[in-house]
Amino acid sequence: MSGLTHIDGAGAARMVDVGGKTPSAREAVATGRITMSAEAALAIADGSAKKGDVIAVARVAGIMAAKRTSDLVPLCHPLPLTKITLDLDVDASGVTATATVATDGKTGVEMEALTAVSVALLTVYDMAKAIDKAMVIDGVRLLEKRGGKSGDWTAPR
């Protein structure tokens with residue numbers, strides 16, 4: 001089991017010790033999409049969904065989720081986030097979410113960006129499911145990360 005960062009010598013799960021690391025600026029960008037019927041997309045775009053402003057609520061939900069990532073993902077460190085932006089773009093067949101999260105910390109913010117996108121899209125589903133129960137969430141992925149010991153990374157296009 002050696003070489004695995006979240007497993008100790010006895011094979012038990014552990015949170016990685018980042019105590020000796022120097023804080024640095026870190027940023028991550030993640031994206032995902034929910035596809036839906038034209039009727040649902042139109043209701044979201046024109047604000048006529050019965051539950052209210054889907055985009056505004058989804059944005060707040062995603063931001064709140066990013067701040068709570070360590071409560072949701074067992075071995076994530078709680079981080080002092082310095083920036084969370086969540087863009088939600090509606091088109092004729094769905095909503096694309098893109099989150100950018102930053103910190104000046106000892107570990108990266110990839111999980112926070114992915115969590116923001118995931119919860120935002122789940123919120124869109126919840127708020128529009130009366131119109132379209134067949135919506136599909138997919139393509140949730142990291143687009144890029146900057147900073148930290150491993151340096152910058154960009155997803156292949």
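The values are calculated or read from the model by the stated rules, or taken from the named source; none is laboratory data. Just so we're clear, the structure is a prediction, and the values are computed from it rather than from any experiment. Using ideal geometry, Cβ is built from the backbone for each residue, glycine included, and neighbour counts are taken over all protein chains shown. The accessibility values were calculated without ligands, DNA or RNA, using every heavy atom of the protein model including side chains. Shrake-Rupley method; radii C 1.70, N 1.55, O 1.52, S 1.80 Å.
Just a few scattered comments:
- Within the stretch 85-123, tally of residues that are over 15 Å from the mean Cα position of the chain (by Cα) and among the aliphatic types (A, V, I, L, M): 2
- Set Thr107, Thr100: member being touching a Ser or Thr at 6+ places or on another chain (Cβ under 8 Å) and surrounded by 13 or more Cβ atoms within 10 Å (Cβ to Cβ): Thr100
- Per-region count, the stretch 120-147, residues part of a helix (DSSP H, G or I) and under 13 Å from Val95 (Cα atoms): 8
- Long-range neighbours under 7 Å by Cβ, at least six apart or interchain, first residue in contact (Cβ under 8 Å) with a residue 60 or more places away in the chain and open to solvent by less than 10 Å² (accessible area, probe 1.4 Å) within the stretch 24-51, second outside any strand (DSSP E or B) and hydroxyl-bearing (Ser, Thr, Tyr): Gly32/Ser118; Ile34/Tyr125
- Residue within the stretch 48-70 that is outside any helix (DSSP H, G or I) and among the β-branched types (Val, Ile, Thr) present: no
- If you filter the stretch 140-157 down to residues that are surrounded by 14 or more Cβ atoms within 10 Å (Cβ to Cβ) and not hydrophobic (A, V, I, L, M, F, W, C), you find that the one that is modelled with the lowest pLDDT is Gly148.
- Qualifying residue in the stretch 57-72 (condition: loosely packed, with under 12 Cβ neighbours inside 10 Å and at pLDDT 95 or above): yes
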